[in-house]
Every structure is written in structure tokens, then in C-alpha cells.
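Contents: one structure, followed by commentary.
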Amino acid sequence: MAKGRRQVRIQEGGGITALSKAAQHMLGARPGVWSLEDSTPDVLLLRRAEGPLADAELRLAGQITIAGSLCDVLALIGQSGWTGSLVVTNDDGTRTVEFDAGRVTGATSTVRLERFGELVYRFGLASHEQIDGARRAAAITGTSLAEALIEQDVADEESLAPIQRRHAEEVFFAVVRAKGGAFYFFDRKMIEGALPRPHPTAIELLMEGARRMDEMLSFRRHVPSERHVPEVIGVPPMAGDLQQVLGECDGKRSVADIGRRLGILEYEITQLMVRLVEAGVVAMRGPRPRGPEAITELFNAALAAMHSACDRAAVGTELREALARFVSGAPTVATLVSGAGPQDDGTFVPARVAKNLLARPTNEPVARLVKNLEEYVGFALFLATSLLPREDSVALKTEVGELLRPLDRASHSLVPASAPPRRKSAAIAAAAALRSPDVSGEFRISFSMPPGKVNSLPPSKAVGQNTVPPPSSKGSRARR
């Protein structure tokens, strides 16, 4: 987040005034009594005076400016044998790694793809529906997700133990890669329960994390992403793990799909794919999502990006409320996403969306899925870009356009041949429309919107035509 976006003014009388909506949102989310800690004239440190961490010692705190900048902090924790919790927060989410005498004993993450349930899914031990059911049961009983999965006979303790350890390692590696945000180390454990033994040392994981970070930069030259699809172009004699991976390459499954089928995570499956590419056995093709769940995941990535951007600008509530009104007035969309969310990050549960889609059979189910999700995501993009400051909206539309780029390829491969060619994604078209003004000098977005949807817009945006005025000399919307 750019400097100045969350500024406050401290008055001579001691009062504090938020100078932006983002700052107001940040302060409003932290009501209660706070303690002023000793600090230099140019730094102000506030700590909550009540709660579980009120009397915990804050040993370290600072900013993260480049990837790998936490390596020294992790080395200090490991070499000094500290016990406590390292909390790292940035635009992605919050990650917490727990230490006991320099050993990693637990980890949690709010980042969707780093949650324990996602790892269980990627190892192929449970479906998304089973994980969601276990998560709801855990919330009711107060148990962990692992315990709920065991109680529901989805998985056993023996099979989950290595995944729990691997989950802690993956969160640790994500902390090593963090390239922005802030970090804090408290001498207090914050995670209930502990990892199954043995517990790795921080130094061991740090060395492995640094090695992986360097190697992944090299791997990406051959395997650009997990969503890319390996296509077999030669079949020389292969043995062992490479032959097993090659057997899963059917020109349809992505790198991530193959990894999940084999129970291999991103780093390992990417490493194996690089060996196949270098041997001239496979070539990487652009992402090709197939099936309702894969297509929903594609739209989910765009929705997560929009909600994250709006949350950072403290306008996430406005976005969610307007989208809820949109769904309430769009019966086909409401039926499609019924019971599937939206989740906290604005995404939908792919398995539930697929189930809803198949519950109402049509000749072209995938075309209907794409059309309905395009309407929802296109409207979400319009809302998000109208709520965000100009510079943020430009960055967001570019990101969404890239995330949805594989959609056209997916639609042509999935929509029946008898169906007419589908037009370009509404969300991509909306992003393109924002890039250049029309002859009247206004930036316009056009997409299909059910009657009455203009009332779903925030009050200041409910206008006859869906237009976003060009930036004026007085500054962006955020400064007006």
C-alpha cells in the first residue's frame, strides 16, 4: 500500500483524526484500550492493553520491503532458541509460525491456498465438500479441522500427521518469500495444539526455504505456473517418478491437477516437470481449465483479487453489499451460487457450484456456467474499479484481465460444437473498456445487467449510464 494511504493526524490536545477512509477503517476495526510504548519521535508504537497478548513481550517488530528480508529474523529466532510466535501480515493475509526453543511447532495462514484444508485436498485425501463439512463441524465443536476430518472418517490420524507437518513447512516457506508487509514476534504461543513430532528446526527450514526460492525462479522459465498444461511431444524411455508423472500427462490436466493426483505439492511437481521439459518429452501449453470446478476456480482468482484490493482500500463492505443485492435480483446467478458462498475472500466453493449446475441439466451447462459467472464477475469488476482510487483500479483491471485470459480457450474447448462462438469474456471486455476513453472523453463499461440492477450500485454510482469519469485535475476519487 502506498505511503500516505493510511495517514492520521495527532492534534496538540492528543486527539487522533483519520485522514483517509482506509485509516478510518483500520482504526475502527481495533476498538478498545491501547498502550503507548516507548518509541523515538518518528515512530509511534501502540499495543492492545487488554487481551491474551497484553502482557506478552514484543521482542521484534518491523517492516518487510523485499522478498527474503525475514531470513535474518528467522535465523535469529532459530540460533537463539526463542519460544513464541512470529506473525507476518501483508496484503495476502496473515501467517503465524510458532516456535519452541528454535523448533517449529505449528503454523497457520489465512491465505486461501495455504490453509490446511487446501493441502488436504491437494494431497487427494478429501474433496472440497468433505473439507467444508468438516470445517463447519469443527466450528461447532471447537475442535481443529484435522480432528473433525478424523471424527467424520474422512481421513485417519496417520495419514494427516505428515500433511500437518508439511503444512507448517509450506507456511514457513511463504514467510521466507514474503516481499511486503510487517512482522511481529511475541514470546507467547498463539496456536492451540502442536504439530506431530518430529519438529524441524528453524535453521533447517530456513536453508530449505532459501534454496527453494532460488530454484523456483529458475523453474518458472520452463513451467510458468501450476495452471499450465503439459503436453507430451516425445516418449523416450523413462523410469521411476518421471514415468509416473509422464503417465498423467494427457494434454488436459494441469501441473496442479497432476500433482494432486500423485499427492505431490507445487515445488516437487514443478521440479519433475522441469526435468521432462528439459528432456524434450513435454511442452507447456497455456492454462486450459476444464469442467465446472476448474472454471469456477478461474473466476474465483479474479474475485479474490477484487475483494483483496477493496479490503485494502477499506471499501470491501460496499463491494460485498452491492454484490449481494445483485445476486438477489438475478435468479439464475442466485441458483448457481446457492450454498456456495461467497466466502470471506469473495470466492465460491467450486464443488457446490458444480453441484448446483448439474442439478438443472441443460444442453450447454458449461456455457451457462460461464455466462452466469461472467455477469457476476463483470459487475464485481465494475463496482470495484468505481470504488477504488484511479491508480488502484487501473492495476486491478490489468490483473483481472490476466487472470481471466485462459477463459476464452476454456470456453471454446468445452462449449458444444453446435453452439455459436462465445463473445469475449465480459470481465475482460470491461477491463479493456477502461483502458481508453470514448469520443466523449468518458470511460465506459458495457455488460449485460438484469433490469433494476442499477439499484445495486452504491448510491453515488446509481446513474443512468454505467460511466466512470476520467481523472480530473483535482485528483482521484479517493482524494475528493
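The values are calculated or read from the model by the stated rules, or taken from the named source; none is laboratory data. Predicted model, so just to flag it, every value in this text is computed and none were measured. For neighbour counting, all protein chains shown are included, and Cβ atoms are generated from backbone atoms with ideal geometry for every residue, glycine included.
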Within region 110-119, does at least one residue satisfy the condition of being among the hydrophobic types (A, V, I, L, M, F, W, C), in contact with an Asp or Glu (Cβ under 6 Å, 6 or more places away or on another chain), closer than 21 Å to residue 297 by Cα and assigned by TED's automatic domain parsing to the domain that holds residue 95? yes
Evaluate the following for residue 233: is it free of Cβ contacts under 8 Å to residues at least 60 places away in the same chain, outside the structural domain of residue 160 (by TED's automatic domain parsing) and either touching a Cys at 6+ places or on another chain (Cβ under 8 Å) or within 30 Å of residue 96 (Cβ to Cβ) (or both)? no
Out of the helices (runs of 4 or more DSSP H) lying entirely within region 185-269, which hold 3 or more residues that are among the aliphatic types (A, V, I, L, M) and surrounded by fewer than 16 Cβ atoms within 10 Å (Cβ to Cβ)? 202-219
Quick one: residue 347 ticks every box in (1) surrounded by fewer than 19 Cβ atoms within 10 Å (Cβ to Cβ); (2) assigned to a loop (DSSP other than H, G, I, E, B) except a single one, so which number is it? (1)
Among (1) in a helix (DSSP H, G or I); (2) touching a Phe, Trp or Tyr at 6+ places or on another chain (Cβ under 7 Å) - the single one residue 172 does not satisfy: (2)
Are any of the residues in region 313-334 of a type in the set (Asp, Glu), closer than 30 Å to residue 384 by Cβ, out of contact with any Asp or Glu (no Cβ under 6 Å at 6 or more places or on another chain) and in a helix (DSSP H, G or I)? yes
Filter result for the condition that a residue is surrounded by fewer than 20 Cβ atoms within 10 Å (Cβ to Cβ) and either touching a helix residue (DSSP H, G or I) at 6+ places or on another chain (Cβ under 7 Å) or aliphatic (A, V, I, L, M) (or both), over 86, 149, 113: 113
Within region 331-374, restricting to residues that are among the acidic types (Asp, Glu) and within 16 Å of residue 301 (Cβ to Cβ), the one that is nearest to the chain's Cα centre (by Cα) is 345
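Would you confirm, using the coordinates I've provided, whether residue 340 is assigned to a helix (DSSP H, G or I), touching a residue at least 12 places away in the same chain (Cβ under 8 Å) and buried (at least 18 other Cβ atoms within 10 Å of the Cβ)? Walk me through how you get there before you give the answer.
Working: assigned to a helix (DSSP H, G or I): no; touching a residue at least 12 places away in the same chain (Cβ under 8 Å): yes; buried (at least 18 other Cβ atoms within 10 Å of the Cβ): yes.
It is false that residue 340 is assigned to a helix (DSSP H, G or I), touching a residue at least 12 places away in the same chain (Cβ under 8 Å) and buried (at least 18 other Cβ atoms within 10 Å of the Cβ).
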Checking residue 131 against (1) part of a helix (DSSP H, G or I); (2) under 22 Å from the mean Cα position of the chain (by Cα); (3) surrounded by fewer than 18 Cβ atoms within 10 Å (Cβ to Cβ); (4) of a type in the set (Val, Ile, Thr), the condition it does not meet: (3)
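Looking at region 1-98, what strands (runs of 3 or more DSSP E) fall wholly within it and have at least 1 residues that are within 23 Å of the chain's Cα centre (by Cα), at pLDDT 90 or above and among the hydrophobic types (A, V, I, L, M, F, W, C)?
Qualifying strands (runs of 3 or more DSSP E): 58-64, 84-90.
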